[in-house]
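Visitor: My questions all concern the structure below.
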Amino acid sequence: QAVKKERIYYYEQHKVIDTMLDDLHQGLSKPQKALSPKYFYDQTGSQLFDQITELPEYYPTRTEIAILKQHASEFVDLLGKDSILLELGSGSSLKIRILLEALKPKIYVPMDISKEHLIASAQQLAEDYPWLEVHANRVDYSQSWEIPDFGPGRYNAFFPGSSIGNFDPEDACKLLSQVAKLVGNNGGLLIGVDMKKDSQILEQAYNDSAGVTAQFNLNVLNHLKQRLNVKVEPENFQHKAIYNPELGRIEMHLISQQDQTITVDDQSYTLKKGETIHTESSYKYSVDDFHQLVARAGFKPEKVWVDDDQLFSIHYLKV
Ligand code: AVI
């Protein structure tokens, strides 16, 4: 059911089910303790992530923006001027503005889990682009979802930031299959993907000298404490990010600095000194790796753009 307000429509796709407590128990019961990276993004976490995108060591954001700006006119040729533009994990992203200004779609469909973010950015975009209709959809990617039917037209999705890298390949494949269904025949996906490279560059990007990524990682514990009945001392953990070459991913961990206990309601979980909680994976893909993944999801590669230093790629895929 859509709620309309001056060229802005809001759809609650399904009730977003709060599974934080179950996820926490499950994650702390594993031999390698783990937490889902989706719990980074409370208000503080989202602000810290915005700071990360501006760090000198964190190359993905500025590299992706440069590629988008450089090739904006090519996107018009490939995606078409009359397209209906969907965006996954839209947040308050500024990258979409580059595409909106180039493509001038009539309809823009941002999809995000955060209602506040969605509505605030929908309002701003509708105000800045008087020709645009914004159909904001609150969705939870862990469930299947649909978008409203806008009738015939070319549907294109935009999924920037290499957020696909935060899903394990099997889940990434499921999510991309869902996107292929959403955009349908003749539809396409423009997606930003961080590339495999020298592990030193990768590790520096996730262990920045100002310690912002460390704060971002540790903040997940504060978020848990605020939302649930959890006893944990964030000061007893240290951030570390390492590149795992076998799996082609950066792994972020919180390392326990001493033997200690985390209590969730009346359940205790013990950690030995040096034991870690795995808080995020960020998979890196060569162009070929990524082509293999998307083929399994029903996409055909149409074009790929890479910066001169081969740091970051943007793929246009067709169904
Ligand atoms: C959102 N995501 C693509 C970021 C990444 O690079 O995997 C999250 C991040 N984690 C640490 N720094 C940035």
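The values are calculated or read from the model by the stated rules, or taken from the named source; none is laboratory data. Here the structure is a predicted model, which means the values were calculated and not measured. Note that we place each Cβ from the backbone using ideal geometry, even for glycine, and neighbour counts take in every protein chain shown.
Visitor: Restrict the check to the range 188-201 and report whether at least one residue is outside any helix (DSSP H, G or I), under 25 Å from residue 27 (Cβ atoms) and within 12 Å of the ligand (Cβ to nearest atom).
Guide: Yes, because at least one residue in the range 188-201 is outside any helix (DSSP H, G or I), under 25 Å from residue 27 (Cβ atoms) and within 12 Å of the ligand (Cβ to nearest atom).
Visitor: Sticking with this one: Counting only residues that are within 12 Å of the ligand (Cβ to nearest atom), among the β-branched types (Val, Ile, Thr) and within 23 Å of residue 221 (Cα to Cα), which one in the range 31-72 is surrounded by the fewest Cβ atoms within 10 Å (Cβ to Cβ)?
Guide: Residue satisfying both the conditions and the ranking: 53.
Visitor: Looking at (1) away from the ligand (no atom under 16 Å from the Cβ); (2) farther than 16 Å from residue 84 by Cα; (3) of a type outside the set (Lys, Arg), find the lone condition where residue 122 falls short.
Guide: The failed condition is (2).
Visitor: Right, next: Which of the following residues is of a type in the set (Gly, Ala, Ser), touching a strand residue (DSSP E or B) at 6+ places or on another chain (Cβ under 8 Å) and closer than 30 Å to residue 243 by Cα: 161, 187, 153?
Guide: Checking each option against the conditions leaves just 161.
Visitor: Would you mind telling me which numbered condition in (1) over 30 Å from residue 302 (Cα atoms); (2) out of contact with any Phe, Trp or Tyr (no Cβ under 8 Å at 6 or more places or on another chain); (3) not in a helix (DSSP H, G or I) residue 226 fails?
Guide: The number of the failed condition is (3).
Visitor: Right, here's the next one. I'd like to verify a number: residues in the range 125-139 that are over 10 Å from residue 8 (Cβ atoms) and out of contact with any Lys or Arg (no Cβ under 9 Å at 6 or more places or on another chain), how many?
Guide: Residues in the range 125-139 being over 10 Å from residue 8 (Cβ atoms) and out of contact with any Lys or Arg (no Cβ under 9 Å at 6 or more places or on another chain): 2 in total.
Let's see how each residue does on (1) within 17 Å of the chain's Cα centre (by Cα); (2) in contact (Cβ under 8 Å) with a residue 60 or more places away in the chain:
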position	(1), (2)
112	yes, no
135	no, yes
143	yes, yes
160	yes, yes
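Visitor: Can you give me the ranges of the strands (runs of 3 or more DSSP E) entirely in the range 263-314 with at least 2 residues that are away from the ligand (no atom under 16 Å from the Cβ), under 27 Å from residue 214 (Cβ atoms) and touching a residue at least 12 places away in the same chain (Cβ under 8 Å)?
Guide: Strands (runs of 3 or more DSSP E) meeting the threshold: 267-271.
Visitor: Determine whether residue 176 is in a helix (DSSP H, G or I), within 16 Å of the ligand (Cβ to nearest atom), of a type in the set (A, V, I, L, M, F, W, C) and more than 27 Å from residue 63 (Cβ to Cβ). Give the derivation first.
Guide: Values: in a helix (DSSP H, G or I): yes; within 16 Å of the ligand (Cβ to nearest atom): yes; of a type in the set (A, V, I, L, M, F, W, C): yes; more than 27 Å from residue 63 (Cβ to Cβ): no.
The answer is no for residue 176.
Visitor: Filter the range 80-102 for residues that are assigned to a helix (DSSP H, G or I) and crowded, with 22+ Cβ neighbours inside 10 Å and give the result.
Guide: 99
Visitor: Here is a further query. Could you run through the range 1-21 and say how many residues are of a type in the set (Lys, Arg) and modelled with pLDDT of 80 or more?
Guide: 1
Visitor: Given the residues 26, 47, which is the only one that is assigned to a helix (DSSP H, G or I), within 20 Å of the chain's Cα centre (by Cα) and free of Cβ contacts under 8 Å to residues at least 24 places away in the same chain?
Guide: When all the criteria are applied, what remains is 47.
Visitor: Further question on the same structure: List the pairs whose first member sits in the range 187-211 and is over 30 Å from residue 103 (Cβ atoms) and in contact (Cβ under 8 Å) with a residue 60 or more places away in the chain, whose second member is away from the ligand (no atom under 14 Å from the Cβ) and assigned to a strand (DSSP E or B), and whose Cβ atoms are under 6 Å apart, counting only residues at least 6 apart or on separate chains?
Guide: Once the first residue is over 30 Å from residue 103 (Cβ atoms) and in contact (Cβ under 8 Å) with a residue 60 or more places away in the chain and sits in the range 187-211, no partner that is away from the ligand (no atom under 14 Å from the Cβ) and assigned to a strand (DSSP E or B) comes close enough.
Visitor: Can you tell me how many residues in the range 202-218 are part of a helix (DSSP H, G or I), within 10 Å of the ligand (Cβ to nearest atom) and touching a Leu at 6+ places or on another chain (Cβ under 9 Å)?
Guide: Final tally of qualifying residues: 5.
Visitor: Still on this structure, please answer the following. Out of the range 243-261, which residues are surrounded by 16 or more Cβ atoms within 10 Å (Cβ to Cβ) and assigned to a strand (DSSP E or B)? Can you show your working first?
Guide: To start, the set of residues in the range 243-261 that are surrounded by 16 or more Cβ atoms within 10 Å (Cβ to Cβ) comprises 243, 248-254, 256, 260.
The answer is 243, 249, 250, 251, 252, 253, 254, 256, 260.
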